[in-house]
Structures are given as structure tokens and as C-alpha cells.
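One structure below.
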Amino acid sequence: MRSNMATMAIATHEKDENRRSVSARLTDFSLERPKVVLWGTLLLVLIASIGFIRVEVDTDPENMLPTDDPVRVRNALMAEEFGSTPLVVVGLLGDVANPQAFAAIQRVDAGLAARPDVIAESSMSVATVMGDGPVDEAAVGLAIEQVASSSMLADNVLFEDPPGAAMFIALKSKNAATDVADAARALITQEPALSDVTLAIAGQPLAEDAFGQEMFINMAIFAPLAGLLVFLILLAFFRRMQLVVPAMLLALATVIITMGALVGSGNTLHIMTSMIAIFLMPIAILDSVHVLSEFFDRDDGNDRVVTIESVLGELYRPVGFTSLTTAVGFGSLLLVPIPPVRIFGLFVALGVGLAWLFTVTLLPAYLMTFQGGAVVPASSNEKSGPARLERLGAFVVKRRRAVLVGTLLLALVAIPGLMSITVNDNPVRWFRGDHEVRVAAAQLTEALPGTYTASLLGSVDDPTVYDAPETRQAIEDLAEHLRSHPEVGGVLSYVDSESTMFRSGELTNVRMQLRTGDNVSMQAVIDHVEEYMQVNPVADVDFEWAGEAYLNLTWQDKMVNGMLVGFGTTLITIFVLLVALFRSLRWAALAMIPVVWTVMIVYGALSLMGRDFDMPVAVLSTMVLGIGVDFAIHFVVRYRHLLHEQGSSERALQEFSKEPARALTRNAMVIAIGFSPLLFSALVPYMVVGALLASIVGLSWLATIVVLPPMVRSLESRLGS
């Protein structure tokens, strides 16, 4: 009889072991072999660090699209057929219409032309029309006349309102932009005749170089600063280094391994991927904050293994599902047809998964390295911290009708903003308003017909079509129609110049100078042309759009459309995951309310304030779903658990407003403070990401703490347990 009972006990134990989750088994291993886990993590970090040797930076907007994208193919064709080269524009704003200034410009032009990274024959300045003779008043007058009579040079190399001159320096490679700009600046500084002019140097290659430099600054300064701030706030929460160190080590290991895998696998650092470290630092800590908060309150030094198992036993499901929903939010970026955005989403999702793995392995392994007494004294002042949250919880439940009506009214106010969102972007505005790149671009835009370019690329079966008088007239009429648009500063075609820059074999290039690089401006010009071409087609010539401004419009449109698909897909996927977690459609719908309400409020407010729906705003719209729903998941899981324990909704909510609410508050503060350094970046996308994420997380936390308890009390009879 005893033998049978023993056999049954062993079988029951084995059955229970088989039912244990993967998380629990990983934790068991970590508790039994903590040194193996710690040394294994260190080895992974060291291996991943080797990948940083291969780091490369990519700031070229063309790489926002696949290499076989039609726009990239057409732009490459233009470069090959028409000799289109990257340019640096050197603006000299001031009175230069005198022999001394013209002679100085001639010397600067000669100095730049002698450089091996400059294509002298493709560069343009007033020196282009000047001979080798002495520069006197007669020579200046003749040069001004020749410039005015040239369709390519007029209003470009010399201009009157405001007065000044510009030098268009053609580069052999985009990578030479900064060196050439520095050389131009040095040469101009040596010319006394140019000492009174305002120097403005711009151009997309230069902006790309500047962006790359700022990216490195952001990575080198803001990622460590975010880590430092998170460290300080955790130290303020727990007041013992033993609890702060494991969370920071977990985050650092996650960031180093993820970034090492990114660059080690041959991926470049783009504007999106450069933000991975800053994203992962606070996100990786979130789950550990929940674990450490519980451990902080329960550890009495008697049996640490039992305490860790007890804490994690209650948190496996919420921690696992919050990590999963966050990973889904970032992973949905794989649906966006923009390669750098896909890589960003993939590696952040992998980093989130790695952070979860470390939460159930590295964290308990580290806590086990401390032997003896309690990690935190039971008399810690932190034990008395929840009073305010308890009072807030009691207040919102008591005034639940007013709270719910106010929540609904705010959502209704946001709807007009959501309906009037404007999709627009301009890469130059990615710099702060006082950045030298943006200042120079604004100055040159005011002086020149335009510093942004777009092209209508025409093709024919028979090149002789271009020589037909009716075709030449049709092209000229099209150019005149383009010039009538307020966003178009200048138009050139083979009708104006027989240069190979505008006609080559079966192809022709109608090139436009645009006054702004805004997407809405490019789209307005496209609409302007399409309306005209429906009535006045150019016979036997097929036109397609190309050029820098059109490329930016294309990739940003694709990104926004991809984000809309990703947003819907992520919303549905997260809802399905919540149904699987809670095994209830009603509880899943309830858990979605805070993040959906938050997105409505934030994006509605942005639109009402006149903020465009640009690249960083679009990217965040999808991935915040995964982050923002985390608070609601913890609320529902903990509330239902407490409801079974306490037997009533009122007592369950009272208990939730203590430690669980405190853990959620700590998490919200970690994210908000962790992203705050981005507000001081010189790059606007970083600033927007920092501000929006802090706002979205803060409002999601607020909605979870303030809105869900009243809803639960109001719907408790319908929700069930």
C-alpha cells in the first residue's frame, strides 16, 4: 500500500514538473547554477562586443528604399545618363559684385577644383564664365551679363535679392562632402574681400554627414546618460545597490548583445537603428522592476530561493505576455516596406525577448549570489510609500462616474484632430532650428530659386522625336506650367540648354528646383503636373518622376502606409494574445482601452497643435501599442488574482493600489526618465521620440491606474473573474 502511494506521489511530482512552464524551468536552472548563468552571460557579452569592429554608418535617404525600387533605379539612371552628381552649395551672402570679391571667388573656385574629390568640369560658379585675364570692373560687368543670359547660371551663381553668389561644387563621392565644405570654409576665410559676407554651406550630402556625426553623439552621450538616470531612479526606489546592480547589468547585457548582433551581422547604423540602444535601456529594465519590487517587499532573509520562486511564480504570465506584446509592437515594423525600419523593429523585438530571458535567468542568478540576511531591511521607508496611490485608488472608484465621463469626453475631443492629421516630412527639419545645417539651408532657400530638386524623366522610342518642333514646344509649355506653381523656383530642360545634363539618347530630364523639401509641396507639384498632362499630353514621350525630393516623398509615403497596416495588424494581434492570456474577450477588450485611449489623445493633440505626421511620429504609432498595453496586462492579471484571494472587487482594488500599483508607477517613471535625455538632442526625430514615448507611457499608466479601477467596479457583474 505504501509502495503504491509512493509511486503515485512520484508520478504526481513528475506530472507537475512536466507542467512547469519554460520560464519556471529556466529559473530553476538559474537558482541551482547561478555561476554558470552569470559566466555564460558575460561570455555572450564579450562575443557580441566583437561585432562592433564592423560598425558602419548609413545616412543616405536612398537606402530607405530597396535597391530595386523603381525610384532608386530611375535616379541611378539619371546619374549615369545625365552625369548627376552630389553637390555641396557654398553660399556667399552679401555684396560681391566687385572686382575684389570676384577675384577671391575665382581663387576659391580654383582651390576647390584642384582637389581630387571634386569634379571641376561639373562644378558651377561665377568663375565658370570668367576668363584668365585681370579682374576689373569691365570683367565683372561682362561676367554678370553672361550669367544673366545663361538659363543654367542665372539666379543661381549670382543673385540680387538678397545680394550674393553661390558655388555649386560637384563631388566624386558623397563621403567627401564634409572635407570639401571644410576646405571651402578655409579658403574663404583666407580672402579679405569675402570677410564681410555671410557664409552658408548646404547640400544633401553635407546634411547626411552632419546627421551621421550627430547620430554618433547621440549614441555616445544619450544612451549612457539614459542608463545613468535609470540607475539613479532605481537607486532612489530601492535604496540598496544590491537591487539596482542586477537590473542595470541586465539592461547593459541586453543592449550590448543586441547592438553587437546588429552590426556584427553586417547591418549599418541608420537613423532608426541608432536609436535601438536608447530604446532598449529602459525597456529592458521594466520586467526586472516588477520582479525587484515584489522581492523588495517580501525578502526577509530566511529562504531566498522560496522568495524568488514565489515572486516569479506570480509574475511569469504578466511578465511573459508584456514582453510578448512589446515584441509584437516592434516586430510589426517588419510589415513596413522600408529596410532600416524593418531592421530596427526586428532587433528591438529580439532585444525585448533577450531582456525577458535575462529576467527569468540572470536576475535570479544574481540575487542568489548574496548569501545571508535580507537584501532590504524590513523597516525601509519605502514600505510606507503607497499611501498616495491608495488614496488615488479610493478616490477614482468613489467618483467613478465622473472619471469615466471625463475619459470619454477627452476621447471625443481628440477625434477631430485624428481626422485632420497631415502626413508631411522634410529631412532638413530633422535638425533643430538653430543647427548650422538647417540655418544654411534656410538662408540659401531664400536666396536661390530652390535647393531641393525633382525631375520628370522622359523616354521615347525614337530620339529624333525630341527634335520635332511640336515636341520642343510641348516641353517648353510644360516647363512654363511648372514655373507657375509657387513651390517651383526654376525649371530647365533640353529646350533651354543642349547640355547632356538634360538630354541623352532616348531620355530627357526636365529638372526642377523646389523652394521646399516638404512632402506636401512635392505632392502639390505632382498634382499640378498630372492635371495639366491630362489635357496637354506630350505626344510620344512617357514621363516618370525622379529626383531627391520625389524619393523622399516615396519612401515616407510607403512608410506611413506600412505603419497603418502595421497599426491595425498589431492591434488585432495584441488583442488575440490578450484573449489567450485572460481567456476572456471582455477582459481582453478592457485591457486594450488604456493604450487605445492614449494613442487617440496624443495623436489627436499633435494634430490639433499643427504637428505633422512625420517619420518619428509614424514609427511610434505602431510600436507604442506593445509598450502601452503592458500596464493594463499587469493590472488585469494582478486584479483577478487578488479577486480570488480577497473575495470582493472592493478589497481586490484596495490591495492592487498598494504594491502592484507602486510597481507600475516605478515602471512608468523608469521609461519617462530613461527617454528624457533625448529631449536635448540636436536631432528632432530623437526629441520627438523622447517626448512622445514619455507622454504615451505616462498616459497609459494614468489610464490604467485611474480609468480601469472605476470600469472594473462598474462592470464587475459582467466581467466575471
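The values are calculated or read from the model by the stated rules, or taken from the named source; none is laboratory data. Keep in mind it's a predicted model, so treat the numbers as computed, not measured. With ideal geometry, Cβ positions are generated from the backbone for all residues, glycine too; neighbour counts draw on all protein chains shown.
Which residue pairs have Cβ atoms under 8 Å apart, sit 6 or more places apart or on different chains, and have a first residue in the stretch 438-460 that is over 12 Å from ALA207 (Cβ atoms) and a second that is of a type in the set (Lys, Arg) and outside any loop (DSSP other than H, G, I, E, B)? As it stands, the answer is THR453/ARG511; ALA454/ARG511; SER455/ARG511; LEU457/ARG74, since those pairs meet every condition given.
Filtered by the rule that a residue be within 22 Å of ILE671 (Cβ to Cβ) and modelled with pLDDT under 85, the stretch 582-613 gives a lone residue, ARG611.
If you go through the stretch 274-294 and keep only what is surrounded by 24 or more Cβ atoms within 10 Å (Cβ to Cβ) and either of a type outside the set (A, V, I, L, M) or touching an Asp or Glu at 6+ places or on another chain (Cβ under 9 Å) (or both), you end up with SER274, PHE279, PRO282, LEU286, ASP287, SER288, HIS290, SER293.
Scanning the stretch 566-623 for residues that are hydroxyl-bearing (Ser, Thr, Tyr) and assigned to a helix (DSSP H, G or I), we see that the one that is farthest from the chain's Cα centre (by Cα) is THR573.
Within the stretch 13-31, take every residue that is in a helix (DSSP H, G or I) and at pLDDT below 80 and give me the one that is nearest to MET368 (Cα to Cα). Checking each candidate, the answer is GLU17.
For the stretch 578-595, a residue qualifies if it is surrounded by fewer than 20 Cβ atoms within 10 Å (Cβ to Cβ) and closer than 16 Å to VAL624 by Cβ, and the qualifying residues are MET592, ILE593.
Residues in the stretch 325-374 that are over 30 Å from GLN556 (Cβ atoms) and either basic (Lys, Arg) or without any contact (Cβ under 8 Å) to a residue 24 or more places away in the chain (or both): 1 in all.
Filtering the stretch 57-71 for residues that are assigned to a helix (DSSP H, G or I) and modelled with pLDDT of 90 or more leaves a non-empty set.
Looking at the stretch 492-505, is at least one residue touching a helix residue (DSSP H, G or I) at 6+ places or on another chain (Cβ under 8 Å), at pLDDT 90 or above and part of a helix (DSSP H, G or I)? There is no residue in the stretch 492-505 that is touching a helix residue (DSSP H, G or I) at 6+ places or on another chain (Cβ under 8 Å), at pLDDT 90 or above and part of a helix (DSSP H, G or I). ALA6 meets the conditions (1) over 40 Å from the mean Cα position of the chain (by Cα); (2) modelled with pLDDT of 90 or more; (3) not hydroxyl-bearing (Ser, Thr, Tyr) in every case but one. The failed one is (2).
Just so you know, in the stretch 506-520 the residues that are outside any strand (DSSP E or B) and of a type in the set (Val, Ile, Thr) include one that is nearest to PHE543 (Cα to Cα), and it is VAL520. Being part of a loop (DSSP other than H, G, I, E, B) and surrounded by 15 or more Cβ atoms within 10 Å (Cβ to Cβ) is a condition met by at least one residue of the stretch 430-441. Looking at VAL619, VAL637, VAL629, which is the one that is within 29 Å of MET281 (Cβ to Cβ) and in contact with a Lys or Arg (Cβ under 7 Å, 6 or more places away or on another chain)? Checking each option against the conditions leaves just VAL637.
A single member of SER695, SER676, SER648 is hydroxyl-bearing (Ser, Thr, Tyr), more than 22 Å from GLY320 (Cα to Cα) and without any contact (Cβ under 8 Å) to a residue 40 or more places away in the chain, and it is SER648.
Regarding MET167, is this residue surrounded by fewer than 20 Cβ atoms within 10 Å (Cβ to Cβ) and farther than 30 Å from LYS558 by Cα? For MET167, the condition - surrounded by fewer than 20 Cβ atoms within 10 Å (Cβ to Cβ) and farther than 30 Å from LYS558 by Cα - is not met.
Looking across the stretch 333-348, just one residue is of a type outside the set (A, V, I, L, M, F, W, C) and not in a helix (DSSP H, G or I), and that is PRO337. For the stretch 633-656, the criterion of being within 30 Å of the chain's Cα centre (by Cα) and over 28 Å from SER717 (Cα atoms) is satisfied by no residue at all.
Residues checked against (1) more than 30 Å from ARG342 (Cβ to Cβ); (2) in contact (Cβ under 8 Å) with a residue 12 or more places away in the chain; (3) out of contact with any strand residue (DSSP E or B) (no Cβ under 6 Å at 6 or more places or on another chain); (4) not β-branched (Val, Ile, Thr):
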site: ALA210; (1), (2), (3), (4): no, yes, yes, yes
site: LEU232; (1), (2), (3), (4): yes, no, yes, yes
site: ILE257; (1), (2), (3), (4): no, yes, yes, no
site: GLY264; (1), (2), (3), (4): no, yes, yes, yes
site: PHE279; (1), (2), (3), (4): no, yes, yes, yes
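Those helices (runs of 4 or more DSSP H) of the stretch 624-721 in which at least 3 residues are closer than 16 Å to GLU314 by Cα and of a type outside the set (Val, Ile, Thr), considering only elements entirely within it, cover 630-646, 649-656, 659-675. Just one residue in the set LEU234, LEU194, LEU249 is closer than 29 Å to TYR686 by Cβ, at pLDDT 85 or above and crowded, with 19+ Cβ neighbours inside 10 Å; that residue is LEU249. Scan the stretch 128-138 for residues that are modelled with pLDDT of 90 or more and buried (at least 16 other Cβ atoms within 10 Å of the Cβ) and the total you get is 0.
Considering the stretch 521-565, the residues that are assigned to a strand (DSSP E or B) and among the acidic types (Asp, Glu) include one that is surrounded by the fewest Cβ atoms within 10 Å (Cβ to Cβ), namely ASP542. Among the candidates ILE285, ILE276, ILE221, ILE271, the residue that is closer than 17 Å to LEU678 by Cβ, outside the structural domain of ALA663 (by TED's automatic domain parsing), assigned to a loop (DSSP other than H, G, I, E, B) and in contact with a helix residue (DSSP H, G or I) (Cβ under 9 Å, 6 or more places away or on another chain) is uniquely ILE271.
Here is a yes/no grid of residues against (1) farther than 21 Å from ALA672 by Cβ; (2) touching a helix residue (DSSP H, G or I) at 6+ places or on another chain (Cβ under 8 Å); (3) surrounded by fewer than 21 Cβ atoms within 10 Å (Cβ to Cβ); (4) not basic (Lys, Arg):
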{"site": "THR598", "(1), (2), (3), (4)": "no, yes, no, yes"}
{"site": "MET615", "(1), (2), (3), (4)": "yes, yes, no, yes"}
{"site": "ALA618", "(1), (2), (3), (4)": "yes, yes, no, yes"}
{"site": "THR622", "(1), (2), (3), (4)": "no, yes, no, yes"}
{"site": "PHE631", "(1), (2), (3), (4)": "no, yes, no, yes"}
{"site": "GLU655", "(1), (2), (3), (4)": "yes, yes, yes, yes"}
{"site": "LYS658", "(1), (2), (3), (4)": "yes, yes, yes, no"}
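THR178 meets each of the listed conditions (1) closer than 14 Å to GLN106 by Cβ; (2) in a helix (DSSP H, G or I); (3) of a type in the set (Val, Ile, Thr) apart from (1). Remark: pairs (first residue in the stretch 608-634, in the same structural domain as LEU577 (by TED's automatic domain parsing); second residue acidic (Asp, Glu); Cβ separation under 7 Å; 6+ apart in sequence or on different chains) = ASP612/ASP425; ASP614/ASP425; MET615/ASP425. Do we have VAL306 as free of Cβ contacts under 8 Å to residues at least 60 places away in the same chain, within 28 Å of SER657 (Cα to Cα) and assigned to a helix (DSSP H, G or I) here? For VAL306, the condition - free of Cβ contacts under 8 Å to residues at least 60 places away in the same chain, within 28 Å of SER657 (Cα to Cα) and assigned to a helix (DSSP H, G or I) - is met. Would you confirm, using the coordinates I've provided, whether VAL596 is in contact (Cβ under 8 Å) with a residue 40 or more places away in the chain, among the β-branched types (Val, Ile, Thr) and out of contact with any strand residue (DSSP E or B) (no Cβ under 7 Å at 6 or more places or on another chain)? Considered against the rule, which asks whether it is in contact (Cβ under 8 Å) with a residue 40 or more places away in the chain, among the β-branched types (Val, Ile, Thr) and out of contact with any strand residue (DSSP E or B) (no Cβ under 7 Å at 6 or more places or on another chain), VAL596 comes out as no.
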